[in-house]
Amino acid sequence: MLAKIASCALVGLEGTIVEVEVDVHSGQVGMVDIVGLPDAAVQEARHRVRSAIVNSQLTFPQKRITINLAPADLRKEGPAYDLPIAVGILAGGAQVPLELDGAMFVGELSLDGGLRHVNGILSMASFAKAQGFHTLYVPEVDAAEAALIDGLTVIPVPSLGQLVMHLNRLALLPPSQPTPHESAEEEELSGTDFSEIRGQEQVKRALEVAAAGGHCLLMSGPPGAGKTLLARALPGILPRMSVDEALEVTKVYSVAGLLPAQQPLMRQRPFRAPHHTISQAGLVGGGHWPRPGEISLAHRGVLFLDELPEFGMRTLEVMRQPLEDKTVTISRASGSLAFPANFMLIAAMNPCPCGYHGDPTHACTCSPGLVLSYQKRISGPMLDRIDIVVDVPRVEYDKLASNVLGESSAQVRQRVEAARLRQQVRFAGTGLMGNADMGPGEVRRYCELDEAGRGLVKMAMRQLGLSARAYHRVLKLARTIADLAASDAIQVTHLAEALQYRQRQEE
């Protein structure tokens, strides 16, 4: 008897239908063949499924079983096909109904018939709804994640035996209740509070501008000046994620298998801080079957690269395209996959190998050639993609010992969220989230300058040698500064501040 059960495979972050065809027929007793480009984990499903069926007090057909995972040219990997294979075998053996139209099954089986967690459930649920499926059967532990998708009936399955009772209408499993999206906006952001950081007011201002528009930032200064502390305080002033942003981030973490337990929806913007020994594949994604890298795990959040020159030059250069396009494409002989990569790059570096070049209190022991060589580890094209570069000077004793607190992160975040709200209104219906996402067309439309502003930019381009990319980045940065000032027009003062952040890297 032939049974057909719908399941789902993930290609990158997107789903595709896999039809599990199970043919139970006469032949060599107990022989189970799985075809359709299965990997080792899928091949091993025959043993897990057999034990799960027997240990669930069900009957494993004593016939030859052929299982085809269609389409046959798509590689199948992982244990998510255990449940549809088991249901197909039981349907072929007339132990559950043969007609299961409109239902999709996903889940890994344990030997006792229980169901285990599967990565990428949110993407699968989103795909199931888009393809017109009305019911999705998933492991009980994954039901809350799948229920984030509205309009889809999600059935949490504790075990194979209980699923069989449900399909035979003997003991129905209650559907999972929809997971409220509002929780993404209620979570308080953590991190070092701005009020606890002494001094560095100019750097705090630069971080506020970066947070308000989603701009990239590079901090340069001697050891111990507070670069890492400032970077780790940034999440506390970032605006809370919208529901759409939270779902985007959750999809990435779900596919990567990094979604925190008991937390179906990512509530905080990601903050990723990989070590400088990271490989190219670890940073941008890759592997035999590509997985998201750190830049995709930082989507809608922050990627912090400490000791930037210590990263391999080739490793840094592969970020140039994602920084520009907000997505990363990984190509293999079998095809190409795209992962989202709309992140804020926050980097920190010392000005030289010893760290004290230009420091007024410590003599630098590096030769001029060594200093230049160290700084040249970051290429011009890479620097050109960074909107803000600021010096982080040593903090004086009087500021460190002072008990006077500065502005709190909550106060700064209010201004940042107000600026982001102006951008949401401005970009309504365009798909853009912030000023840093603007392309040349949006820059021309939303970053108009008056005569004085045009004169200032013209003079700056001549003196600083700004590239066309840097010109557009200055205008986007000025637009963000104007938004922080609640100004509809970009004024000369806003342009002057934006150019100040570019001057350091153009020198």
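The values are calculated or read from the model by the stated rules, or taken from the named source; none is laboratory data. A quick note: this is a predicted structure, and the numbers were derived from the prediction, not measured. A quick note on method: Cβ atoms are made from the backbone with ideal geometry, for glycine too, and the neighbour counts reach across all protein chains shown. We work out accessible area using only protein heavy atoms, side chains counted, and drop any ligands, DNA or RNA first. Shrake-Rupley method; radii C 1.70, N 1.55, O 1.52, S 1.80 Å.
I'd like the residue in region 123-156 that is in a helix (DSSP H, G or I), hydrophobic (A, V, I, L, M, F, W, C) and out of contact with any Gly (no Cβ under 7 Å at 6 or more places or on another chain) and, out of all such residues, is most open to solvent (accessible area, probe 1.4 Å). The residue in question is 141.
The residues of region 404-441 that are assigned to a loop (DSSP other than H, G, I, E, B) and closer than 15 Å to residue 200 by Cα, listed by number, are 404, 405, 406, 407, 408.
Output yes when any residue across region 231-241 is farther than 20 Å from residue 318 by Cα and open to solvent by 50 Å² or more (accessible area, probe 1.4 Å), and no when none is.
Quick first cut of region 231-241, residues farther than 20 Å from residue 318 by Cα only: 231-241.
Subset that is open to solvent by 50 Å² or more (accessible area, probe 1.4 Å): 232, 240.
Yes, the conditions are met somewhere in region 231-241.
Only residues that are under 31 Å from the mean Cα position of the chain (by Cα), farther than 20 Å from residue 108 by Cβ and charged (D, E, K, R) were counted in region 1-41, giving 1. Can you confirm whether residue 35 is under 30 Å from residue 339 (Cα atoms), in contact with a strand residue (DSSP E or B) (Cβ under 9 Å, 6 or more places away or on another chain) and surrounded by fewer than 17 Cβ atoms within 10 Å (Cβ to Cβ)? Criteria met by residue 35.
Looking only at residues in region 334-352 that are open to solvent by 50 Å² or more (accessible area, probe 1.4 Å) and in contact with a strand residue (DSSP E or B) (Cβ under 6 Å, 6 or more places away or on another chain), the one that is farthest from residue 311 (Cα to Cα) is 336. Identify, from the list 70, 86, the residue that is among the hydrophobic types (A, V, I, L, M, F, W, C) and farther than 20 Å from residue 170 by Cα. Result: 70 is the single residue among 70, 86 that is among the hydrophobic types (A, V, I, L, M, F, W, C) and farther than 20 Å from residue 170 by Cα. Out of region 353-381, which residues are loosely packed, with under 15 Cβ neighbours inside 10 Å, of a type in the set (A, V, I, L, M, F, W, C) and under 29 Å from residue 318 (Cα atoms)? The answer is 372, and nothing else. Of the residues that make up region 102-116, is at least one closer than 18 Å to residue 22 by Cα, at pLDDT below 95 and of a type outside the set (Phe, Trp, Tyr)? Looking for residues that are closer than 18 Å to residue 22 by Cα, at pLDDT below 95 and of a type outside the set (Phe, Trp, Tyr), one finds at least one in region 102-116, hence yes. Applying the set (1) within 17 Å of residue 179 (Cα to Cα); (2) among the hydrophobic types (A, V, I, L, M, F, W, C); (3) outside any loop (DSSP other than H, G, I, E, B) to residue 283 leaves exactly one unmet item: (1).
With respect to the conditions (1) closer than 21 Å to residue 36 by Cα; (2) open to solvent by 10 Å² or more (accessible area, probe 1.4 Å); (3) not β-branched (Val, Ile, Thr), residue 90 lacks only one, and its number is (2).
Within region 368-403, how many residues are within 32 Å of the chain's Cα centre (by Cα) and not in a loop (DSSP other than H, G, I, E, B)? Selection size over region 368-403: 11.
The C-beta contact set for region 163-176 (first residue of a type in the set (Val, Ile, Thr), second residue open to solvent by 60 Å² or more (accessible area, probe 1.4 Å), distance under 9 angstrom, 6+ apart or interchain) comprises 164/170. When the residues of region 38-57 are filtered to those that are under 23 Å from residue 166 (Cα atoms) and part of a loop (DSSP other than H, G, I, E, B), the one that is most open to solvent (accessible area, probe 1.4 Å) is 57. Do we have any residue at all in region 103-118 that's part of a helix (DSSP H, G or I) and open to solvent by less than 10 Å² (accessible area, probe 1.4 Å)? No. Determine if region 219-228 includes at least one residue that is at pLDDT 90 or above, closer than 19 Å to residue 416 by Cα and open to solvent by less than 10 Å² (accessible area, probe 1.4 Å). Checking region 219-228: not a single residue is at pLDDT 90 or above, closer than 19 Å to residue 416 by Cα and open to solvent by less than 10 Å² (accessible area, probe 1.4 Å).
If you go through region 458-476, how many residues are of a type in the set (A, V, I, L, M, F, W, C) and closer than 27 Å to residue 425 by Cα? So the count comes out to 3. Kindly establish whether residue 85 is more than 23 Å from residue 134 (Cβ to Cβ), open to solvent by less than 10 Å² (accessible area, probe 1.4 Å) and β-branched (Val, Ile, Thr). No.
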